[in-house]
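Contents: one structure, followed by commentary.
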Amino acid sequence: MPRYEGMTGLMLLWLAMMVIGGLVAGLCTLGGVANFAKWGDSSLLAIAITGYIVLFGGMAIVGGVSAYGLWKHRNRFRGEPRTIENAYVVACTAVDKQTGETVYYWRDYPDPLVYYVRLREPNGRENEYETAREVFETVTEGARGTAVCQGQWLCRFEAYRGGATPHVARGGEWEPPGTFDRSES
């Protein structure tokens, strides 16, 4: 997912800082001690301090990224409820909480299951929402309707029925009812 690429980049930066800082600090400390003992020169020890600073900077980055990730995870269902009109259900997935496997015959499967629904908004943006079994049972792939979401939680989904269902225009793009002129086809 695109929003996590920044966190992944920071973790890779941390890894590079840890490796480079650790190597510089370790080698310069050993060399600096030998150099100071033999010639009384402490220049390598000053470089070793820089290595330690880079090493601890990397540790601070991983601590900050981990704390931020945990905070985001804890708050993923918080926020103001928002209504998405004309939402398209891209996929519905049930996942076994213990094994992480996708469960296709979820109605007969024992709990614990986690239910996910991927919705596409009219502007083309897609998001995956976790939801309760009661809501998951009302959602079908390919349906359009009104979704109520709070953070990454799908609170409710009401599918369009009958004449309220949007139809497909010539270009394959979905349009709300009344915007497709049949005389143009």
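The values are calculated or read from the model by the stated rules, or taken from the named source; none is laboratory data. Nothing here was measured: the structure is a model prediction, and the numbers come from that model. A quick note on method: Cβ atoms are made from the backbone with ideal geometry, for glycine too, and the neighbour counts reach across all protein chains shown.
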Breaking point among (1) over 19 Å from the mean Cα position of the chain (by Cα); (2) exposed (fewer than 13 other Cβ atoms within 10 Å of the Cβ); (3) part of a helix (DSSP H, G or I), for THR50: (2)
Members of region 67-118 found to be free of Cβ contacts under 8 Å to residues at least 12 places away in the same chain and more than 21 Å from GLU134 (Cβ to Cβ), listed by number: ALA67, LEU70, TRP71, LYS72, HIS73, ARG74, THR99, GLY100, GLU101
Residues that are β-branched (Val, Ile, Thr) and surrounded by 13 or more Cβ atoms within 10 Å (Cβ to Cβ), drawn from region 98-117: VAL103, VAL114, VAL117
Some residue of region 46-60 being without any contact (Cβ under 8 Å) to a residue 24 or more places away in the chain and touching an Asp or Glu at 6+ places or on another chain (Cβ under 8 Å): no
Any hit, region 96-114, residues being modelled with pLDDT of 85 or more and not in a loop (DSSP other than H, G, I, E, B): yes
Residue within region 71-90 that is aromatic (Phe, Trp, Tyr), closer than 28 Å to ARG161 by Cβ, in a loop (DSSP other than H, G, I, E, B) and in the same structural domain as ARG144 (by TED's automatic domain parsing) present: no
Filter pass, GLY124 being of a type outside the set (Ser, Thr, Tyr) and either assigned to a loop (DSSP other than H, G, I, E, B) or over 30 Å from GLY21 (Cβ atoms) (or both): yes
